[in-house]
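Working notes, structure below.
The values are calculated or read from the model by the stated rules, or taken from the named source; none is laboratory data. Please read all numbers here as calculations on a predicted model, not as lab measurements. Here Cβ is always computed from backbone atoms with ideal geometry, including for glycine, and neighbour counts include all displayed protein chains. Side chains are part of the model used for accessible areas, which takes the heavy atoms of the whole protein and leaves out ligands, DNA and RNA. Shrake-Rupley method; radii C 1.70, N 1.55, O 1.52, S 1.80 Å.
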Amino acid sequence: MKKRIIKAKNPGKVIFKGDTQWTVKGTNYIFEGLRFEECNRYYIFYFDVTSKDCVVSECAFYNNAPLSGAQFWIVMGGKSTTIKKCYFSNKNSVGQMVCANESPQTLSTPNNHLIEDCYFGNITYQSDNGFEAIRMGRGDQGGFVDSQSVIQGCFFENCNGEAEIISVKSDHNDVRYNTLYNSKGSVCLRHGSFNSVYGNLFVGSNEDVRN
């Protein structure tokens, strides 16, 4: 199937700010070389239930915050979404940088999402839940979603939002070969079964972050 490519002519020079919110429907969309800074909507990218085989590559998400309430930078609601070589930094609002929200219409097949070679950094400590860098699945569907997704080769730095940096709430996910540096948190298998966590490196813990 033909790929639909939305690409910056000069990578990093195309910047979206303010009232920015993209809903992706359909298959084979590729977003490359875009920057999202100081965006203030509820989400920045939402891949709805019809989305499949879409890619966000070499994009930057920095210092985005909602006018009020929560904000989710990328929501994967369809199938086979790939997030690779992206930069996520400076998040102070509730809501994840990247999350997979399974929809009732798509529960019968695996998600097959891939998050790889990305940078996640600088999530300010909050005394509340919902400040993970990545969440795979939802608590109300834990144990019922066969996700079969992979998080690999990512670097997490100063991700201090809460006790969970990566929160897994679905089945058959691999979290592998990531580095968690100076981050006060952990990889948590909250719900689901048959998940694998291996080859990850934890360096430092930035003990002063909560003082």
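Things worth noting here:
- Residue pairs, from the table Lys3/Lys91; Lys25/Lys85; Lys7/Lys52, whose Cα atoms sit over 26 Å apart: Lys3/Lys91
- Ranked packing of 78-91, 11-24, most packed first, by mean Cβ within 10 Å: 78-91, 11-24
- A 1.4 Å probe, protein heavy atoms only, puts the accessible area of Asp117 near 80 Å².
- Whole-percent carbon and sulfur share, accessible surface of region 1-102, 1.4 Å: 49
- Rounded accessible area of Phe194 (nearest 10 Å², 1.4 Å probe): 150
- Couplings 3J(HN,Hα) of region 23-36, computed from phi: 10, 10, 10, x, 10, 6, 8, 10, 10, 9, x, 9, 10, 10 Hz, in residue order, whole Hz [Karplus 6.51 cos²θ - 1.76 cosθ + 1.60, θ = phi - 60°; x for Gly and Pro].
- Three-way shape call for region 159-200 based on the alpha-carbon gyration tensor, with the a/c threshold at 1.5: oblate
- With 10 Å bins from 0: P(r) over region 61-205, alpha-carbon pairs, percent: 13, 46, 35, 6, 0
- Inter-part distance where region 1-44 and region 73-88 are each reduced to a Cα centre, Å: 11
- Its residues counted as N, region 43-136 yields a C-alpha radius of gyration over 2.2 N^0.38 Å of 1.06.
- Kirkwood Rh in Å, taken over all unlike Cα pairs in region 1-75: 12.7
- A probe of 1.4 angstrom, applied to the heavy atoms of all protein chains, finds Glu38 with accessible area near 100 square angstrom.
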